[in-house]
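Before any comments, here is the structure.
The values are calculated or read from the model by the stated rules, or taken from the named source; none is laboratory data. Predicted model only: the values in this text are computed from it and were never measured. All Cβ positions, glycine included, derive from the backbone under ideal geometry; neighbour counts span all protein chains shown. Side chains are part of the model used for accessible areas, which takes the heavy atoms of the whole protein and leaves out ligands, DNA and RNA. Shrake-Rupley method; radii C 1.70, N 1.55, O 1.52, S 1.80 Å.
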Amino acid sequence: MMRRPVIAVAGLACETSTFFASRTRAAAFQPRRGDEVIEKYAFIQPGSILGESADWRGTLISHTLPGGAVTRDAFETLSAEILSRLREITAPIMLDGLWFGIHGAMCVQGLDDVEYELLKCCREVIGPDVLVSASMDPHGNVSRELAHQTDLITCY
Ligand SMILES: [Zn+2]
């Protein structure tokens, strides 16, 4: 039997308006972890064509409602968990791909290009050769740095 590609799924998403006085905190993200990530997407569940074509490994995904800038603490806490779950997944195996599910317009207090910052840290774990696809909202911001970290960017 042919080996199926192993693809991890990770992502943080918040459409931020920096004009809001409110701040988006970690509790607003309601993250899904591990198998809960796979359960969210019918098209990668076992029994579906994509689900059977690859070995999908959920790390942490979290999409919150649009709101004010995300607190630095929330971003660092959720990012750290993504990275530690990626390290666990990649300890015994090589990943073939990473699906980086973002919105693209998230702002974090004190950081300008947060999707790039997070993906750069993911790259430090998975290496430069793993295929990374980023799915984003049509009006997400794509910096040159973010584009250089990804192999495929698409909007949903
Ligand atoms: Zn949007």
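At a glance:
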{"item": "Under 5 Å, built H, 5+ apart or other chain: amide partners of residue 45", "result": "51"}
{"item": "Region 98-156 shape via C-alpha gyration tensor axes, a/c threshold 1.5", "result": "oblate"}
{"item": "Interchain or long-range residues, amide H under 5 Å from residue 6's placed H", "result": "55, 96, 97"}
{"item": "For the chain, fraction of C-alpha pairs farther apart than 18 Å, in %", "result": "56 percent"}
{"item": "Most positive-pole-ward Cα, 13, 134, 101, against dipole of region 6-155 from beta carbon charges", "result": "13"}
{"item": "Derived scalar couplings ³J(HN,Hα) [region 134-142; Karplus, 6.51 cos²θ - 1.76 cosθ + 1.60; whole Hz; x for Gly, Pro]", "result": "10, 10, 9, 5, x, 9, x, 8, 10"}
{"item": "Fraction of accessible area attributable to carbon and sulfur, region 6-155 (%, probe 1.4 Å)", "result": "53 percent"}
{"item": "Amide H contacts of residue 153 (H built 1.01 Å from N, under 5 Å, at least 5 apart or other chain)", "result": "134"}
{"item": "About the Cα centre, charge dipole magnitude for the chain (Lys/Arg +1, Asp/Glu -1 at Cβ), debye", "result": "200 debye"}
{"item": "On Cα atoms only, tilt of 72-90 relative to the major axis of the chain in degrees", "result": "10 degrees"}
{"item": "Per residue solvent-accessible surface (Å²) - region 6-155, probe of 1.4 Å", "result": "50 Å²"}
